[in-house]
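The values are calculated or read from the model by the stated rules, or taken from the named source; none is laboratory data. If you're wondering where the values come from, they're calculated on a predicted model, not measured in any experiment. Quick reminder, even Gly has a Cβ in these numbers, built from the backbone with ideal geometry, and neighbours come from all protein chains shown.
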Amino acid sequence: MSDVGIPEIWHFIYKSRSTSQLTLPDYGPPYAQAEEQARLFAIYQWVHNRMHSQARTLKILFHVGKYESILGWVSVSTVECYAVTCC
């Protein structure tokens with residue numbers, strides 16, 4: 001994450017919707033342990049499922065959890081982005 005140059009962001013996923021390709025950094029603190037990586041992945045899954053819900057799709061979702069906050073953004077046609085930061 002130090003290569004990104006935004007120390008406030010702990011982790012992110014960027015997805016091109018047109019090519020279905022993902023970009024994400026290696027896991028680092030605070031996600032160095034397998035348990036923390038699994039917890040982070042579960043948060044990403046929850047936000048993704050909530051944003052793509054059949055009942056009500058969302059373009060933007062900001063969720064504050066116990067350990068971190070996450071922003072999910074889905075553009076009209078080209079991009080999905082999920083970024084995690086501290087609470």
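When segment 21-47 is filtered for residues that are within 12 Å of the chain's Cα centre (by Cα), surrounded by 13 or more Cβ atoms within 10 Å (Cβ to Cβ) and modelled with pLDDT under 95, only Pro25 remains.
Scanning segment 9-25 for residues that are out of contact with any Lys or Arg (no Cβ under 7 Å at 6 or more places or on another chain), under 20 Å from Gln37 (Cβ atoms) and either without any contact (Cβ under 8 Å) to a residue 12 or more places away in the chain or assigned to a loop (DSSP other than H, G, I, E, B) (or both) returns Thr23, Leu24, Pro25.
Conditions (1) within 14 Å of Val74 (Cα to Cα); (2) loosely packed, with under 13 Cβ neighbours inside 10 Å, marked per residue:
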site: Val4; (1), (2): no, yes
site: Trp10; (1), (2): no, no
site: Thr19; (1), (2): no, yes
site: Asn49; (1), (2): yes, yes
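Of the residues making up segment 58-70, not one is assigned to a loop (DSSP other than H, G, I, E, B) and without any contact (Cβ under 8 Å) to a residue 12 or more places away in the chain. Looking only at residues in segment 51-87 that are touching a Leu at 6+ places or on another chain (Cβ under 6 Å) and either closer than 20 Å to Ser18 by Cβ or acidic (Asp, Glu) (or both), the one that is surrounded by the fewest Cβ atoms within 10 Å (Cβ to Cβ) is Met51. Scanning segment 1-20 for residues that are modelled with pLDDT of 90 or more and of a type in the set (Lys, Arg) yields a total of 1. Any residue that is assigned to a helix (DSSP H, G or I), within 20 Å of Val79 (Cβ to Cβ) and in contact (Cβ under 8 Å) with a residue 12 or more places away in the chain - is there at least one of those in segment 38-45? Yes, segment 38-45 has at least one match. For residues that are β-branched (Val, Ile, Thr) and closer than 13 Å to Ala83 by Cα, scanning just segment 5-20, find the one that is nearest to the chain's Cα centre (by Cα). Among them, the one singled out is Ile13. Residues of segment 52-77 that are of a type in the set (Phe, Trp, Tyr) and at pLDDT below 95: Tyr67 alone.
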